[in-house]
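Structure, as structure tokens:
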Amino acid sequence: MGLTIGVDIGGTKIAAGVVDEEGRILSTFKVATPPTAEGIVDAICAAVAGASEGHDVEAVGIGAAGYVDDKRATVL
């Protein structure tokens, strides 16, 4: 596998970083966590775009605090 981007959705910031197969961090990008669901989606997209710029990313992992309701696609 090639490069992977990880996204951390936190209460105050959303951070993304690109790592290689050896776990070396190649780039990072952070944005403040907005107060609305629509804003959070936009911020996640901005963080992924910012961190992955110039990199050929093959996989994405996302972490968020709380329980995930997979039936409603919601983080509780």
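Values quoted throughout were computed directly from the atomic coordinates according to the rules given, and no laboratory measurement underlies them. Owing to the predicted nature of the structure, the values given are computational and were not obtained by experimental measurement. Neighbour counts run over all protein chains shown; Cβ positions are idealised from the backbone, glycine included.
FRET efficiency for the Val57 to Thr36 pair, using the beta carbon distance and R₀ = 22 Å, is estimated at 0.25. Set against the labelled values [x] 114; [y] 77; [z] 96, volume of the Cα convex hull per residue in Å³ computed from this structure falls on [z].
With a 10 Å Cβ neighbour count serving as the proxy for reagent exposure, in which order, fewest first, do Thr74, Thr28 appear?
Details: Thr74 11, Thr28 14.
Least crowded to most crowded, the residues run Thr74, Thr28.
Charge dipole of the stretch 3-75 (Cα centre as origin; +1 on each Lys and Arg Cβ, -1 on each Asp and Glu Cβ, all else neutral): 340 debye, rounded to the nearest 20. Axis angle, to the nearest 10 degrees, between helix 37-52 and the longest C-alpha principal axis of the chain: 0 degrees. Each stretch of four or more DSSP H residues adds -39500 (n - 2.57); spread over every residue of the chain, this sum gives -7000 deg cm²/dmol at 222 nm.
Can you compute the label reach from Ala64? Point 7 Å from Cα along the Cβ direction, backbone N cut-off under 16 Å, restricted to the stretch 1-18. Those under the cut-off are 6-16.
Amide H contacts under 5 Å for Leu26: Val18, Val19, Asp20, restricted to partners 5 or more places along the chain or on a different chain, H placed in the peptide plane at 1.01 Å from N. Listed from fewest to most Cβ neighbours within 10 Å, the set Val31, Val57, Val41 follows the order Val41, Val57, Val31.
For the peptides 20-27, 44-51, residues were scored by their other Cβ atoms within 10 Å and the scores averaged per peptide; the highest-first order is 44-51, 20-27.
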